[in-house]
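Structure first, then comments.
The values are calculated or read from the model by the stated rules, or taken from the named source; none is laboratory data. Keep in mind that what you see is a predicted model, and the values were worked out from it rather than measured. Here Cβ is always computed from backbone atoms with ideal geometry, including for glycine, and neighbour counts include all displayed protein chains. Each accessible area value is taken on the protein alone, full model and side chains, heavy atoms only, with ligands, DNA and RNA left out. Shrake-Rupley method; radii C 1.70, N 1.55, O 1.52, S 1.80 Å.
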Amino acid sequence: MQDLFQKAESNLQKFWGFESFRPGQDEVVRSVFEGNDTLVLFPTGGGKSLCYQVPATVFEGLTLVISPLVALMQDQVQALKAKGISATFINSTIPPFEVEQRLVNARNGMYKLLYCAPERLKTTLWEAELPNLNIDLVAIDEAHCISEWGHDFRPSYRDIRPSLERIADEVRWIALTATATPEVQKDIKSALGFEEPKVISQGFSRPNLKWWVVNSPKKKQKLTEAVQKGASQGDGLIYGGTRKNCENLADRFSSLGIKTEAYHAGIEPEKRKAIQQRWISGKTPLVAATNAFGMGIDKPDCRYVIHEEMPYSLEAYYQEAGRAGRDGKESFPILLYRESDYQKAYDRLEESYPTLDELNYVYQILCDSFNLALGSEMERAQNFEVKQIMKRGKLSYGKVRSAMRLLDQFDVISMQQDMKASVELQFTIGSKSLKSFREDISNAEKAEFIDKLERIFGPSAFYERTQAEVDYVLEKLGIRRNALIKALNVLMQNDQILLFEIHEQRDLVRVLEARSKKLPFTKNEIESHRKNLFRKLERMHGFVLTETCREVYLRNYFGDSNAEPCGHCDNCLRSKKSHSADFTSEDASRVLANLKTSAYTAGELSQVTGLKKDTVIQAIQFLIKEEKVKSVPSDPGKYSAS
Ligand code: ADP
Ligand code: MG
């Protein structure tokens, strides 16, 4: 065990160049080696990937990684390959013959890590190949997807354990997530068959964040004030909802002298990357972004994150606002709120949530548009146009999009939006032949080009089609796109040493199962999922309306029950400031007595007790700390006795 851990530490340095594990990571890695079922709760950016990637390099056999993020798999695999760690992935973008090839390679021990989308585990190919694979570790990334109470429920996550039942007891298991409320944690454990798991959490405390909610009808003015204050502290981020709004915000603040760029999925990937880079380096002090801005962007010194609109869940809010202050220095997550916002969000959620009939309808039209007959399957993802579906079904853009999103989430279809342009390449001769071919070339530039290609696409390109992002390839080769295509064409057609294809960025869709008459869901399932989304919105609203410590509210939500008031959020400061806020134990008893009879808001309590509102709030803060009172999740702003 100690040996394994030492090997892990040395691999961390060898492959990643990192000095040491972060606090928590070491504990996780040890737990995996000890053979515990391990549940990891680290915030986004906390370094969850290394918790299974490093052990994967230590184990002899294969580490199977289950991840729902099709778009990120390729990135992850490429990053591992670049470090010299063999890895591959299987998802709906890979055609069946290629899946078969990769599974054969896996059986032959050619990979350390195999990333796989959960719904792929149910295919016959997998079932046949599973007993032949020498799996040491199964890692479930984004494990909250397993729970119906999670913010991103994916029914196919529930089938992971059953699909792997044959190997379940022999392998080690690790599940990882950034946000899991206590009930979601419970679900993860039971769905994965974790009986006595080791739970390792970095906690949800962010002592350097000063949570702030501005509740005012004058949002525009408040936003300007917040940005001006924020900008005096350093760089920041505004989550601006729609693309158009982000563009407007960028113009507005730039004209006020704070250079601001818009960021959303409608901007080309290359440009987006450049915007990120300018923000990270501090050249652009402010970005106005949709929630497309996120994963993989690490800026330690973001001083403020403003939400112009309330997100639909605290999971989303905590994740986005939590981009502030990664370096541990004082930073401000600010949420702007106007009374009508809640109703607006509620209506939008209601409108955008399709009924089962609508889902079925969109599904059938989609299948028609791919000329997919009943009972037949799509082999490969295909180009997809929302407009075409809208026209065929006489549906609005919003309806199509939201139905598609749900179908994707439920693994009926798989969508990949904004895939980056990539080069797919395979050498048609072996590595020795390639070497002698290269040595025979008199043109030094060409020889170097081939040498670099080999390094970029790695050893896997000798036995399978291997993808790399066009951007990445161009950067490594230091040439332009046209030159790359010309050179690759020469190598393919004249020299016949490789095959290649360029895949442009596009929206791709694949229907995952054979077309059926009806979707495999009941009205109840759809309804219960819908209700859960509303419950999450309620809790988000509760965060806005609470008059007690914001950090306590957040941490309670995520299951940290021992949180103490932070002393520096807007609510804590307000109650500190008010002169007459001191409360006596009699006041507290009076408040408690009333809360035992019914749930009240602080305002209502002030009326029934005759105490000042600030006094009431202080008393409630105290009673919450004593665990005698709690906020009512289903009725934001109200409190009741515990
Ligand atoms: P998560 O999946 O928890 O959101 P990631 O695994 O993507 O986080 O890691 C976030 C970042 O932290 C990555 O850039 C990663 O390289 C870096 N990181 C993780 N662990 C360490 C470490 N021990 N030392 C230095 N950097 C680390
Ligand atoms: Mg991650």
| task | For residues that are touching a helix residue (DSSP H, G or I) at 6+ places or on another chain (Cβ under 6 Å) and open to solvent by 10 Å² or more (accessible area, probe 1.4 Å), scanning just the range 56-65, find the one that is nearest to ligand 2 (Cβ to nearest atom). | result | 57
| remark: Here the qualifying pairs (Cβ atoms under 6 Å; residues six or more apart or on different chains; first in the range 41-69 and under 18 Å from residue 118 (Cα atoms); second near ligand 1 (Cβ under 8 Å from one of its atoms) and open to solvent by 10 Å² or more (accessible area, probe 1.4 Å)) come out as 67/141
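Per-residue answers, yes or no, for (1) within 16 Å of ligand 1 (Cβ to nearest atom); (2) within 18 Å of residue 62 (Cβ to Cβ); (3) part of a helix (DSSP H, G or I); (4) not assigned by TED's automatic domain parsing to the domain that holds residue 238:
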{"site": "127", "(1), (2), (3), (4)": "no, yes, yes, yes"}
{"site": "184", "(1), (2), (3), (4)": "no, no, yes, yes"}
{"site": "189", "(1), (2), (3), (4)": "no, no, yes, yes"}
{"site": "207", "(1), (2), (3), (4)": "no, no, no, yes"}
| message | Tell me the residue from 87, 8 that is in contact with a helix residue (DSSP H, G or I) (Cβ under 7 Å, 6 or more places away or on another chain), closer than 20 Å to residue 174 by Cβ and away from ligand 2 (no atom under 16 Å from the Cβ), please. | response | 8
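I need a count of the residues in the range 549-601 that are among the β-branched types (Val, Ile, Thr), without any contact (Cβ under 8 Å) to a residue 24 or more places away in the chain and open to solvent by less than 50 Å² (accessible area, probe 1.4 Å).
Step one: list which residues in the range 549-601 are among the β-branched types (Val, Ile, Thr), which gives 552, 584, 591, 597, 601.
Pick out the ones that are also without any contact (Cβ under 8 Å) to a residue 24 or more places away in the chain and you get 584, 597.
Now narrow it down to the ones that are open to solvent by less than 50 Å² (accessible area, probe 1.4 Å): none.
Count: 0.
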| For residue 371: the one exception among (1) part of a helix (DSSP H, G or I); (2) polar (S, T, N, Q); (3) open to solvent by 70 Å² or more (accessible area, probe 1.4 Å) | (1)
| request: Of the numbered conditions (1) open to solvent by 80 Å² or more (accessible area, probe 1.4 Å); (2) not assigned by TED's automatic domain parsing to the domain that holds residue 258, residue 244 fails exactly one; give the number of that condition. | output: (2)
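Per-residue answers, yes or no, for (1) assigned to a loop (DSSP other than H, G, I, E, B); (2) in contact with a Ser or Thr (Cβ under 9 Å, 6 or more places away or on another chain); (3) β-branched (Val, Ile, Thr):
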{"residue": "120", "(1), (2), (3)": "no, yes, no"}
{"residue": "131", "(1), (2), (3)": "no, no, no"}
{"residue": "137", "(1), (2), (3)": "no, yes, no"}
{"residue": "157", "(1), (2), (3)": "no, yes, no"}
{"residue": "162", "(1), (2), (3)": "no, no, no"}
{"residue": "174", "(1), (2), (3)": "no, yes, yes"}
| field | Hits in the range 87-106 - residues which are surrounded by fewer than 19 Cβ atoms within 10 Å (Cβ to Cβ) and touching a strand residue (DSSP E or B) at 6+ places or on another chain (Cβ under 9 Å) | value | 98, 105
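Taking the residues in the range 166-177 that are among the aliphatic types (A, V, I, L, M) and buried (at least 22 other Cβ atoms within 10 Å of the Cβ) as candidates, determine which candidate is nearest to ligand 2 (Cβ to nearest atom). First the steps, then the outcome.
First, pick out the residues of the range 166-177 that are among the aliphatic types (A, V, I, L, M): 167-168, 171, 174-176.
Those left that are additionally buried (at least 22 other Cβ atoms within 10 Å of the Cβ): 174-176.
Working: 174: 13, 175: 12, 176: 7 Å.
Only one residue tops the list, namely 176.
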| query | Any idea which of (1) within 15 Å of ligand 1 (Cβ to nearest atom); (2) not in a loop (DSSP other than H, G, I, E, B) is the one residue 3 doesn't satisfy? | reply | (1)
| request: Would you tally the residues in the range 602-629 being free of Cβ contacts under 8 Å to residues at least 40 places away in the same chain and closer than 16 Å to residue 542 by Cβ? | output: 3
| remark: When residue 517 is run through (1) exposed (fewer than 15 other Cβ atoms within 10 Å of the Cβ); (2) free of Cβ contacts under 8 Å to residues at least 60 places away in the same chain, the failure sits at (2)
| task | Within the range 302-318, identify whether any single residue is of a type in the set (A, V, I, L, M), within 21 Å of residue 178 (Cα to Cα), in a loop (DSSP other than H, G, I, E, B) and in contact with a Ser or Thr (Cβ under 8 Å, 6 or more places away or on another chain), and answer yes or no. | result | no
| query | What single numbered condition from (1) outside any helix (DSSP H, G or I); (2) away from ligand 1 (no atom under 13 Å from the Cβ); (3) farther than 30 Å from residue 314 by Cα; (4) not basic (Lys, Arg) fails to hold for residue 115? | reply | (3)
| note | Here the residues within the range 1-54 that are of a type in the set (A, V, I, L, M), open to solvent by less than 30 Å² (accessible area, probe 1.4 Å) and over 16 Å from residue 139 (Cα atoms) are 8, 12
| remark: Per the filter on the range 489-532, residues touching a Ser or Thr at 6+ places or on another chain (Cβ under 8 Å) and either in a strand (DSSP E or B) or closer than 26 Å to residue 70 by Cβ (or both) are 498, 499, 502, 503, 508, 509, 510, 512, 514, 515, 526
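Could you tell me which of the residues 159, 75 is in the same structural domain as residue 40 (by TED's automatic domain parsing), at negative phi, more than 16 Å from ligand 1 (Cβ to nearest atom) and open to solvent by 40 Å² or more (accessible area, probe 1.4 Å)?
Just one listed residue meets the conditions, 159.
Yes/no per residue for (1) more than 29 Å from residue 152 (Cα to Cα); (2) touching a Gly at 6+ places or on another chain (Cβ under 8 Å); (3) aromatic (Phe, Trp, Tyr); (4) away from ligand 1 (no atom under 15 Å from the Cβ):
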residue	(1), (2), (3), (4)
8	yes, no, no, no
22	no, yes, no, no
35	no, no, no, yes
44	no, yes, no, no
49	no, no, no, no
53	no, no, no, no
60	yes, no, no, yes
91	no, no, no, yes
95	no, no, no, yes
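Looking only at the range 620-642, filter to residues that are in a helix (DSSP H, G or I) and out of contact with any Lys or Arg (no Cβ under 8 Å at 6 or more places or on another chain); which one of those is most open to solvent (accessible area, probe 1.4 Å)?
As a first pass, look at the range 620-642 and keep what is in a helix (DSSP H, G or I): 620-625.
Restricting the remaining residues to those that are out of contact with any Lys or Arg (no Cβ under 8 Å at 6 or more places or on another chain) gives 620-623, 625.
Working: 620: 2, 621: 24, 622: 79, 623: 5, 625: 103 Å².
The selected residue is 625.
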| task | Run down 101, 74, 53, 2 and say which single residue is farther than 20 Å from residue 175 by Cβ, within 16 Å of ligand 2 (Cβ to nearest atom) and of a type in the set (S, T, N, Q). | result | 74
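Sort out which residues of the range 126-141 are of a type in the set (D, E, K, R) and open to solvent by 50 Å² or more (accessible area, probe 1.4 Å), and write them in order of number. Steps first, answer last, please.
To start, the set of residues in the range 126-141 that are of a type in the set (D, E, K, R) comprises 127, 129, 136, 141.
The one that is of a type in the set (D, E, K, R) and open to solvent by 50 Å² or more (accessible area, probe 1.4 Å): 127.
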| task | Report whether or not residue 201 is open to solvent by less than 50 Å² (accessible area, probe 1.4 Å) and either over 24 Å from the mean Cα position of the chain (by Cα) or within 16 Å of ligand 2 (Cβ to nearest atom) (or both). | result | no
| Lone unmet requirement of (1) under 25 Å from residue 268 (Cα atoms); (2) modelled with pLDDT under 90 for residue 404 | (2)
| Given (1) surrounded by 15 or more Cβ atoms within 10 Å (Cβ to Cβ); (2) touching a strand residue (DSSP E or B) at 6+ places or on another chain (Cβ under 8 Å); (3) at pLDDT below 95, number of the condition residue 543 does not satisfy | (3)
